[in-house]
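The values are calculated or read from the model by the stated rules, or taken from the named source; none is laboratory data. Note that the structure is predicted; figures quoted are calculated from it, not measured. Cβ: placed from backbone, ideal geometry, glycine included. Neighbour counts: every protein chain shown.
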Amino acid sequence: MDTLIHTPFAEIAVLLVMAAGIGLFGLLLRQPLIVSFIAVGLIAGPSVLDVVHSDEQIDLLSELGIAVLLFLVGIKLDVKLIRSLGRVALLTGLGQVLFTSIFGYLIGLMLGLGHVTSLYVAVALTFSSTIIIVKLLSDKREIDSLHGQIALGFLIVQDLVVVFAMIVLSAIGIGAADGGHGGGSVPVVLASGLAMVALVVLFVRYVANPLTERLARAQELLVILAIAMAAMFAAIGDFVGLGKEVGGLLAGVALASTPYRETIAARLAPLRDFLLLFFFIALGATLDLSLLGTHVTGAIVFSLFVLIGNPLIVLAIMGAMGYRKRTGFLAGLTVAQISEFSLIFVAMGVSLGHVQEDALGLVTMVGLVTIAASTYMITYSHQLYAVFEPVLGIFERRGTPREPLEAGDHRDDGYKVIVFGLGRFGTAIGMRLHKRGIRVLGVDFNPLAVRRWRELGLETEFGDATDPEFVAELPLSQADWVVSTVPIHPTGLSHEDTRTTIIQLTRAAGFRGRVAVASHHPRDTEDLCAAGADMVLEPFQDAADRAVDLLCGAPEEERTDIPPIGSEEKQTV
């Protein structure tokens, strides 16, 4: 039986079963899978069950997972996106990396870690998990909000810093470790790097589009091409001394300009998650729990620095640039953890002999604590802001010049209808009201939606409907209607959603008119009316009724069952 368990296939089978079980338990606790996967490695490692012995096979899968991970980062790298998000993403990203590195380095020296180890740990603390943050913001439907887009922008800046740091690390490490890399000097590595970049440029210019267009006829071949390029470039990068990580990223950049990049990314994401399982299992299995215990104090100090210091750094930078304290606070929470790149970065340092394995254990402990804690911080971001809002005034400049400038600064009265949510339904309502000569103001936190409304000749305000200060500044005094077409999404883990928040905030701001909210579920009607809605709009049901009228030959006249502006009747449409 012991022989059976220690066969490579049986070990991987046991690890997969453990990953599924522990992952399910972590899911119930609303934790990212990274935490569960590292826990699997710790439990399966020598410190607990000691069932991991096929190190070569697991390491091979983990290295392929790292190559695929960086391939997917490369395929989504878009310098145009950084440019379009403006200087806030660049300055915030670089500023956060700089200040976190400086303070982290000083903290490391105070803890007696030594200069090199302190530098490695400090740099590792600057990287935030793009995967976790994007997932959490997408689940909350805040990825298109101002703070979501700024966070995405400085995460891309962080990714670029990661690439630069790994290139520098690989170049400096030449000669320190002769086993894994084939280069012999820094000039050779730099020349090899330039040659690989030139190869990527030629591939993008002459080969990428025609090749992927032909292979796209068979989706399986397209996926195989992507995996093959990730593995091949990773192997070349490792051979010339740049490392597998840089090679995998350059492979992704080579396909980033093709029209099939989103298809490739979507199909490779499950494979990436599967292979990264073995990286985190291998990481956890190599950690000695007794060794981790020697760094409890350092892990606590660094974890508090990441959880509190990183958000404050972002908040201060954005406040100095003229953004509201709320925007800076919500964006700052997204950097309250370290990422998988932090572990990979320190692991590279260990492999090059720059730092000892206990440094990797320290960073891993910080990762476990910060990833777990920040998940709740981002999920409860609005509730946390409500708690800390009274003391955040020092981070906001008078007048917050940045956001009103982007919003258009329409603060005069005279609007009869204010529409929250400028999607297709909200835009259709706004256009029809405008054609009838009714002055309407649109409100949305998506800059693209605001821009589209302005292009249509409609007046807009840029802001978050869940921000009490912003809602209180809206010209509500002469409005007859407030209309919410925002989709359903919780503002936290409670059952309160944005629609009821809009009702409460507009009433608290002194609005005395009537409120209409959109609902796609008839079962919500009673709850929304109880929350204070005067009208519940059901777009699909209303469109279906109108379509049936047209199909049955009813005259195309305006409906008369909807109370006009000025009516006092409460209805469901």
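Would you point out which residue out of Gly353, Gly349, Gly332 is out of contact with any His (no Cβ under 8 Å at 6 or more places or on another chain), at pLDDT below 80 and not polar (S, T, N, Q)?
Gly353
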Any residue that is modelled with pLDDT of 80 or more, assigned to a helix (DSSP H, G or I), in contact with a Leu (Cβ under 6 Å, 6 or more places away or on another chain) and buried (at least 17 other Cβ atoms within 10 Å of the Cβ) - is there at least one of those in the range 411-431?
yes
Quick one: what pairs do we get from the range 113-126, first residue within 9 Å of Phe345 (Cα to Cα), second polar (S, T, N, Q), C-beta under 6 Å, 6+ apart or different chains?
Val123/Ser101; Ala124/Ser342
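Against the definition (at pLDDT below 85, part of a loop (DSSP other than H, G, I, E, B) and polar (S, T, N, Q)), how does Ser257 come out, yes or no? Before you say what the answer is, go through the steps one by one.
Numbers: at pLDDT below 85: yes; part of a loop (DSSP other than H, G, I, E, B): yes; polar (S, T, N, Q): yes.
So Ser257 passes the test.
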Return the residue satisfying two criteria in turn: it lies in the range 234-271 and is without any contact (Cβ under 8 Å) to a residue 40 or more places away in the chain and not acidic (Asp, Glu), and of such residues it is nearest to Phe203 (Cα to Cα).
Ala235
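Okay, residues lined up against (1) of a type in the set (Lys, Arg); (2) buried (at least 22 other Cβ atoms within 10 Å of the Cβ); (3) at pLDDT below 75; (4) more than 26 Å from Tyr105 (Cβ to Cβ):
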| site | (1), (2), (3), (4) |
| --- | --- |
| Val134 | no, no, yes, yes |
| Leu137 | no, yes, no, yes |
| Val161 | no, no, no, no |
| Leu169 | no, no, yes, no |
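Among Leu312, Leu362, Leu343, which is the only one that is in the same structural domain as Gly95 (by TED's automatic domain parsing), in contact with a His (Cβ under 6 Å, 6 or more places away or on another chain), outside any loop (DSSP other than H, G, I, E, B) and not hydroxyl-bearing (Ser, Thr, Tyr)? Even if it seems obvious, please write down each step before you answer.
Details: Leu312 fails: in contact with a His (Cβ under 6 Å, 6 or more places away or on another chain); Leu343 fails: in contact with a His (Cβ under 6 Å, 6 or more places away or on another chain).
Only one candidate passes the filter, namely Leu362.
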Of (1) modelled with pLDDT of 85 or more; (2) crowded, with 21+ Cβ neighbours inside 10 Å, Gly513 satisfies all except one. Which?
(2)
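In this structure, is Thr375 over 30 Å from Gly114 (Cβ atoms), of a type in the set (Ser, Thr, Tyr) and either at pLDDT below 85 or in a helix (DSSP H, G or I) (or both)? Explain how you work it out, then say what you get.
Numbers: over 30 Å from Gly114 (Cβ atoms): yes; of a type in the set (Ser, Thr, Tyr): yes; either at pLDDT below 85 or in a helix (DSSP H, G or I) (or both): yes.
Yes.
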Flag for Ala208 being assigned to a helix (DSSP H, G or I), touching a Leu at 6+ places or on another chain (Cβ under 9 Å) and modelled with pLDDT of 85 or more:
no
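Determine, yes or no, whether Leu91 is under 18 Å from Gly367 (Cα atoms), modelled with pLDDT of 80 or more and over 15 Å from the mean Cα position of the chain (by Cα).
Numbers: under 18 Å from Gly367 (Cα atoms): no; modelled with pLDDT of 80 or more: yes; over 15 Å from the mean Cα position of the chain (by Cα): yes.
Against the criterion (under 18 Å from Gly367 (Cα atoms), modelled with pLDDT of 80 or more and over 15 Å from the mean Cα position of the chain (by Cα)), Leu91 does not qualify.
Just to be sure before I move on: is Ala251 within 14 Å of Ile75 (Cα to Cα), assigned by TED's automatic domain parsing to the domain that holds Pro270 and crowded, with 21+ Cβ neighbours inside 10 Å in the structure I sent? If you could, list the steps in order and put the result at the bottom.
Working: within 14 Å of Ile75 (Cα to Cα): yes; assigned by TED's automatic domain parsing to the domain that holds Pro270: yes; crowded, with 21+ Cβ neighbours inside 10 Å: yes.
Answer is yes for this residue.
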